[in-house]
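K.L.:
This structure is in C-alpha cells; I'll ask about it shortly.
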Amino acid sequence: MTPFKAQKITDDVFWVGAIDWSLRDFHGYAIHHGTTYNAFLILADKITLIDTVKAPFKHEMLSRISSIINPEKIECIVSNHSELDHTGCLPDVIRLIRPEQILASTMGQKALIEHFPIEQEITAVKDGENLSLGNKTLTFIETRMLHWPDSMFTYLKEDRILFSQDAFGMHLATSERFNDELEFGLLKREAAKYFANILLPYAALIPKMAAKLESLNVASGIIAPDHGPIWRKDAAAILKLYSRWAQLKPTRKAVIVFDTMWQSTAKMAAAIAEGLISKGVKVELMHLGASHRSDVATELLDAGALIVGSPTINNNLFPTVADTFTYIKGLKRRGLIGAAFGSYGWGGEAVKQIEGALDEMKVERIAESVKVKYVPDDEALQNCFNLGVQVAEELLKRTQ
Ligand code: FEO
C-alpha cells in the first residue's frame, strides 16, 4: 500500500501522473511552482495508458495505477510525445507490463527507437487514424512541431477527452488536478509563460491545429495536457487564449531589458521608461540581475516593443544580456519594434552588438541608439527619455 492514488477524471479515465514539487529549472526555463508529469489510464475493454512520466517518478506513477488495477493489465501504451519528461520511465514500464501494443506517431516511433533500446515493436499511427479499445475509441491527431516533430494528440471519443501532451499545459505543481479548482488569473499567467517559452517558435501552426480540433468540438469537452491542471470546465478558455497568443499581435507595452555594472545603464533604462510612460505606454523594466530570461520571453508574448541596454565589458555585451539574447532569439517573437542603448568606458562595442542581435530577431529599430561614456549627465538622460518617447509614438501609431 502506497500513499499515491489515481484521481478520477470520468468514470473510466484516471490521472495517474506525478507531481514534481521541487523542479525550478526546465531546460533553461525558470519554474516558480514545480510541475506535474501527467499520465492517464483508460479503463476500456483494452486498458490503455496515455504517456508516462520522467524517470525518477516511475514509482509514483506505477503506485497510482496500482491503486485501481494491476499495471500488468495494461494492454496498450500511447506515447503522444517523446521528450524525456514523458518517456523517461517508458522502457522500464514496457519491460514490466509487456503491453500488446505501443503506439506513437510516425516521427514518434523513430524518436523512441533513437532514444532507447526498446525491445518491443512500436507501431506508428497516422493522422486521423482510429483505434478501437472495444467499448471506446481513440483518434490520433498529428501535431507535428507542436512542439517536437513527433508530437501528436489522442482523442477519446466516448469520454470527450483530448490528451494534448505539452499543448495547453503549464508548469504548475498543485494539489488540485482541475482548472475549475484554481484561480483563472494564475492559470492564464502560467499557460502564457509555457506558450511563450515552449510553443512560441511554432505559433504559425496553431490555427491549423485549432481547425482540426474544431471538428471534434473539444471546446465543450475536457482537455488533458501532460503538465499542470486538466481543463475540465471551460476548455474553450484555453483554446481562445492560444488563438490570441498565436496571432503575436503587438500591444501598447514596451519591455526594457538591461543589465548594469555601475548603475549608468540602469539610469538610462529608467529615463527611457519615463519617456514611454509619458506617452501612456505600459512598461516592463527588467533588470537581468533580478529577472530571468524565461520571464523576459513571457513579457514579450504580448508586447509591442523591445528595448535592450548593456554596459560594455571587455569589448562585449554584459554576460546576462548575451544569455538572454541567445535564449529569446530562438523563440522567434516577431513583429516588435525596438531600440538599443548602453554605457561604456572606452570601447562601447556592446550597443553595436545589441543592434545586431535585434536585427537578427527582426526587431525593427525605429530610434537611433543612445550610447553614454561612463556616467549619463542630464543631457544624456534627456536623450534616453526622448528615445522612450520616440518608441512610444511609433507604438501608438501601429496599435491604433
Ligand atoms: Fe513536456 Fe516537450 O515535454
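The values are calculated or read from the model by the stated rules, or taken from the named source; none is laboratory data. These figures come from a predicted structure and were not determined experimentally. Every residue, glycine among them, receives a Cβ derived from its backbone with ideal geometry; neighbour counts consider all protein chains shown. Heavy atoms of the whole protein, side chains included, go into the accessibility calculation; ligands, DNA and RNA do not. Shrake-Rupley method; radii C 1.70, N 1.55, O 1.52, S 1.80 Å.
K.L.:
Checking the cross-link filter: which lysines have an alpha carbon closer than 16 Å to that of Lys253, excluding same-chain neighbours under 8 positions apart?
P.N.:
Those lysines meeting the cut-off are Lys279, Lys282, Lys397.
K.L.:
Calculate what fraction, in whole %, of the accessible area of region 1-111 sits on carbon and sulfur atoms when a 1.4 Å probe is rolled over the protein chains. Intermediate values should be presented prior to the final figure.
P.N.:
On the way: 2310 of 4230 Å².
On region 1-111, the fraction of accessible area on carbon and sulfur atoms equals 55 percent.
K.L.:
Give the residue list of chymotrypsin sites (Phe, Trp or Tyr not before Pro) in region 293-375 that are DSSP loop and have at most 12 other beta-carbon atoms within 10 angstrom. Write down the numbers at each step before the final one.
P.N.:
Values: sites: Phe325, Tyr327, Phe341, Tyr344, Trp346, Tyr374; in loops: Trp346, Tyr374.
Here the chymotrypsin sites (Phe, Trp or Tyr not before Pro) that fit, given the DSSP loop and packing criteria, are Trp346, Tyr374.
K.L.:
Taking all pairs of different Cα atoms in region 255-394, averaging 1/r and flipping that mean, what Kirkwood radius in angstroms comes out? Could you put the intermediate results ahead of the total?
P.N.:
Numbers: mean 1/r = 0.0695 Å⁻¹.
One decimal place: 14.4 Å for the Kirkwood radius.
K.L.:
Let me have the relative contact order for the chain, percent, based on Cα pairs under 8 Å that are six or more residues apart. Can you show the working numbers first?
P.N.:
On the way: 886 pairs, mean separation 46.3, N = 400.
Taking the mean separation of contacting Cα pairs over the length of the chain, I get 12 percent.
K.L.:
Quick one: Kirkwood hydrodynamic radius for the chain, alpha-carbon pairs, angstrom, one decimal?
P.N.:
Working: mean 1/r = 0.0441 Å⁻¹.
For the chain, the Kirkwood estimate is 22.7 Å.
K.L.:
Based on the alpha carbons, how large is the Rg to Rh ratio for region 81-130 when Rh follows Kirkwood?
P.N.:
Details: Rg = 10.6 Å, Rh = 11.2 Å.
Checking Rg against Rh, the ratio lands at 0.94.
K.L.:
So for each of 60-73, 240-253 I average, over its residues, the number of other beta carbons within 10 Å; can you give me the resulting order with the highest mean first?
P.N.:
Values: 60-73: 18.1, 240-253: 15.8.
Most protected by this proxy first, the peptides run 60-73, 240-253.
K.L.:
³J(HN,Hα) across region 303-308 via Karplus (A = 6.51, B = -1.76, C = 1.60, θ = phi - 60°), whole Hz, x for Gly/Pro?
P.N.:
In residue order, the calculated couplings are 8, x, 9, 10, 10, 10 Hz.
K.L.:
Another one. For Phe26, list long-range residues whose amide hydrogen, built 1.01 Å from N in the peptide plane, is under 5 Å from its own amide hydrogen.
P.N.:
Close amide H contacts, sequence-distant or interchain: Ile31.
K.L.:
May I ask you to evaluate 6.51 cos²θ - 1.76 cosθ + 1.60, the Karplus curve with θ = phi - 60°, for each residue of region 100-117 and list the ³J(HN,Hα) values in order in whole Hz, giving x for glycine and proline?
P.N.:
These are the phi-based 3J(HN,Hα) values: 5, 9, 10, 10, 7, 5, 4, 6, x, 4, 5, 5, 5, 5, 6, 7, 9, x Hz.
K.L.:
Another one. Taking θ as phi - 60°, what are the ³J(HN,Hα) couplings along region 237-254 by the Karplus curve (6.51, -1.76, 1.60), each to the nearest whole Hz, with x for Gly and Pro?
P.N.:
For region 237-254, the Karplus-derived couplings read 4, 6, 5, 5, 4, 4, 4, 5, 4, 5, 6, 6, 7, x, 10, 7, 9, 10 Hz, x marking Gly and Pro.
K.L.:
Sort 116-123, 7-14, 74-81, 380-387 for me by packing, meaning the mean count of neighbouring Cβ atoms within 10 Å per residue, highest on top.
P.N.:
Working: 116-123: 12.8, 7-14: 16.8, 74-81: 23.0, 380-387: 19.9.
Answer by packing, highest mean first, reads 74-81, 380-387, 7-14, 116-123.
K.L.:
Which loop-located GluC sites (Glu not before Pro) does region 172-245 contain, where loop means any DSSP state but H, G, I, E or B and the Cβ has at most 12 other Cβ atoms within 10 Å? Please list the in-between numbers first.
P.N.:
Numbers: sites: Glu176, Glu181, Glu183, Glu190, Glu214; in loops: Glu176, Glu183.
Those that pass, being in a loop and sparsely packed, are Glu176, Glu183.
K.L.:
Let me ask something else. Given a cut-off of 31 Å, name the pairs among Lys5/Lys332; Lys332/Lys352; Lys5/Lys233 whose C-alpha atoms lie farther apart than that in the structure shown.
P.N.:
Numbers: Lys5/Lys332 41 Å; Lys332/Lys352 21 Å; Lys5/Lys233 23 Å.
Check vs 31 Å cut-off fails for Lys5/Lys332.
K.L.:
Return the aspartates and glutamates within reach of Lys58: Cα separation strictly under 13 angstrom, same-chain partners fewer than 8 residues apart disregarded; answer none if there are no such residues.
P.N.:
Partners found: Asp20, Asp85, Asp92.
K.L.:
Counting only protein heavy atoms, what percent of the accessible surface of region 220-345 is carbon or sulfur at a 1.4 Å probe? Don't jump to the answer; show the numbers that get you there.
P.N.:
Working: 2420 of 4580 Å².
About 53 percent, which is the carbon plus sulfur part of the accessible surface.
K.L.:
Let me ask you something else. For Ser105, enumerate residues with amide H under 5 Å from its amide H, sequence gap 5+ or separate chain, H modeled in the peptide plane.
P.N.:
Answer set, sorted by chain and number: Val125.
K.L.:
Same structure, new question: Pull up all non-local amide H partners of Glu129: gap of 5 or more, or a different chain, and H-to-H distance under 5 Å with H placed in the peptide plane.
P.N.:
Those lying under 5 Å, H to H, from Glu129 are Phe140.
K.L.:
Before I look further, what does the chain give for accessible area per residue, probe 1.4 Å, in whole square angstrom?
P.N.:
Values: 16540 Å² over 400 residues.
Heavy-atom accessible area per residue stands at 41 Å².
K.L.:
Assigning unit charges at the beta carbon (Lys, Arg +1; Asp, Glu -1) and nothing else, what dipole magnitude in debye, to the nearest 20, does region 255-394 show about its Cα centre?
P.N.:
Values: 13 positive and 18 negative charges, 63 e Å.
That gives region 255-394 a dipole magnitude of about 300 debye.
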